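What follows is a single structure, written as structure tokens, with notes after it.
The values are calculated or read from the model by the stated rules, or taken from the named source; none is laboratory data. Bear in mind the structure is a predicted one, so any value in this text is a computation, not a measurement. Cβ coordinates were reconstructed from backbone atoms using ideal geometry, including for glycine residues, and neighbour counts include every protein chain displayed.
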Amino acid sequence: MTATPNNHIDVAALVGLIDGCLSPADVAVARTHIATCLPCRESLNRLSADSNLLTKALLQTDFPVPPSLCGSRAVVVENSPPKHSWLVAAAIITLVVVGVSPLGALISDTIRSVIGKTASDAPAIPVTVAPEPEPAASEAESESAISFRPATSRVTVNVLGASYVFLRPASGIGVRASASSDGVEFVVAGDRLNVIVGNENPVDLTIWLPLSTEGLSLLADGAQVADVGTGELDEMRIMGVLEIPVQ
Amino acid sequence: MDFEEAYDEYRTELFRYASRYSGDPDFAEDVVQEAYVRLSKTTGVEKVRQWLYSVVTNLMKDESRIATRRSELTVVHGDVLEPTTPVAPDQVLEKTDLRKMVREALDNLTERDRTVLLMREEGFSHKEIAEAVGTTTGSVGTLIARALANLAKHLVHVRELIA
């Protein structure tokens with residue numbers, strides 16, 4: 001650690017102190033000096049304030065993660081939609097050739113070797129994000145999604161901070177839920193959303209939570225399996241999605 | 001770390017980094033997907049996270065340079081035609097005033113300063129940041145302090161909004 005000609009701690013070391021990049025010995029020296037040096041203390045406070053300002057500003061203006069990056073691994077490798085029309089045409093032609101020609105197997109093998117991984121090669125994914133239905137852009141910015149695949153026949157989601165849970169409301173305010181199977185039943189009771197999976201397992205569930213949500217807990221067959229507090233909810237909103245295993 | 005692990009682990013933070021860097025979520029999405037395509041075709045990558053960030057950063061810088069050249073060309077030839085596609089991400093997306101102010105502040109930074117600050121936000125160490133921008137570990141703290149001070153000047157109103 002270096003000091004300025006006035007024996008103050010240089011700015012790089014102050015940043016290192018904030019970022020935890022100094023050795024324990026340097027931290028001790030810096031802290032001792034800062035405790036008795038007003039200019040260094042002010043510099044440290046200013047750096048810290050500027051740093052916090054940037055972090056807050058970025059967090060409050062982050063874009064929601066697009067659906068293409070929320071899907072399972074296989075989805076991105078196999079199903080990522082080409083954005084150029086000639087790529088679409090090439091893909092369609094390839095599919096047709098693969099489907100009708102003995103050459104198809106060879107082409108398929110070639111594609112596999114180029115891509116390296118395919119859906120069938122990928123290991124089973126215990127928790128996936130169901131891509132449908134996709135929330136509208138404005139909804140995506142004001143909601144968080146939890147996705148899980150329950151192993152039990154009955155799951156309850158307690159939504160904290162909501163007097164009542166409204167399921168699939170026309171107003172767009174409330175909890176939206178979807179399942180990969182039509183046989184799943186959603187029942188609301190006060191601030192609870194009960195999901196009756198029945199014999200439909202395995203099924204993927206996705207629940208979008210409004211910004212007013214302060215926390216949530218998940219119960220599987222009556223036993224609590226996950227508890228999401230404010231901090232994690234904030235992270236959900238920053239990240240766009242939180243995957244909670246309930247197996 | 002294999003491809004699937006790298007995808008699961010880093011896709012979200014890479015998108016966050018790329019969208020913060022560029023201000024364009026669509027472009028960020030493309031860049032992240034391109035980075036993973038390149039990873040799937042590359043073997044022997046040891047520091048996967050740093051490698052991905054490096055690819056994403058370079059792709060964004062390249063596009064930025066292309067955009068700058070297009071802009072220069074338009075000026076030189078005095079084009080008055082309306083662009084068929086909007087150039088600035090701000091014109092494409094409906095953004096809040098806060099987002100615009102943050103964007104403008106970040107755009108005022110050099111590419112290197114932006115890379116340094118945004119990689120720091122993603123939790124990279126000074127050593128890793130130094131490797132990414134081609135400088136010494138010891139000088140990263142100075143770069144960060146200078147960039148933060150520069151940024152803070154442009155975030156005066158943001159400070160009031162988010163205080």
In the stretch A:190-222, anything at pLDDT 65 or above and out of contact with any Ser or Thr (no Cβ under 9 Å at 6 or more places or on another chain) is listed as A:LEU216
Exercise. For the stretch A:37-51, does any single residue satisfy the condition of being surrounded by fewer than 16 Cβ atoms within 10 Å (Cβ to Cβ), part of a helix (DSSP H, G or I), facing chain B (nearest Cβ under 7 Å) and not aromatic (Phe, Trp, Tyr)?
Worked result: no
Result of the Cβ filter at 6 Å on the stretch B:17-46, keeping first residues that are free of Cβ contacts under 8 Å to residues at least 24 places away in the same chain and charged (D, E, K, R) and partners that are outside any helix (DSSP H, G or I) and surrounded by 15 or more Cβ atoms within 10 Å (Cβ to Cβ), at least 6 apart or interchain, is B:GLU29/A:PRO66
Check: out of contact with any Lys or Arg (no Cβ under 6 Å at 6 or more places or on another chain), crowded, with 20+ Cβ neighbours inside 10 Å and among the acidic types (Asp, Glu): does that describe B:ASP24?
Finding: yes
A careful count of residues in the stretch B:39-48 that are outside any loop (DSSP other than H, G, I, E, B) and either surrounded by fewer than 15 Cβ atoms within 10 Å (Cβ to Cβ) or within 10 Å of chain A (Cβ to nearest Cβ) (or both) gives 2
I'd like to check something: does the stretch B:66-73 contain any residue that is at the interface with chain A (Cβ under 9 Å from one of its Cβ atoms), over 15 Å from the mean Cα position of the chain (by Cα) and either at pLDDT 85 or above or loosely packed, with under 14 Cβ neighbours inside 10 Å (or both)?
no
Flag for A:GLU243 being under 30 Å from A:THR55 (Cβ atoms), at pLDDT below 70 and not small (Gly, Ala, Ser): yes
Discussion item. It is to be established whether one or more residues within the stretch B:155-162 are more than 10 Å from chain A (Cβ to nearest Cβ) and either of a type in the set (Lys, Arg) or in contact (Cβ under 8 Å) with a residue 12 or more places away in the chain (or both).
Written reply: yes
Exactly one of A:LEU59, A:LEU14, A:LEU44 is touching an Asp or Glu at 6+ places or on another chain (Cβ under 9 Å) and not polar (S, T, N, Q), and that one is A:LEU59
How many residues of the stretch A:14-36 are at the interface with chain B (Cβ under 10 Å from one of its Cβ atoms) and not in a helix (DSSP H, G or I)? The answer is 3
Residue hits (the stretch B:6-36; farther than 21 Å from B:LEU106 by Cα and at the interface with chain A (Cβ under 9 Å from one of its Cβ atoms)) are B:TYR7, B:ASP8, B:ARG11, B:GLN33, B:TYR36
Those residues of the stretch B:128-148 which are facing chain A (nearest Cβ under 9 Å) and over 19 Å from the mean Cα position of the chain (by Cα) amount to B:THR137, B:GLY138, B:SER139, B:GLY141, B:THR142
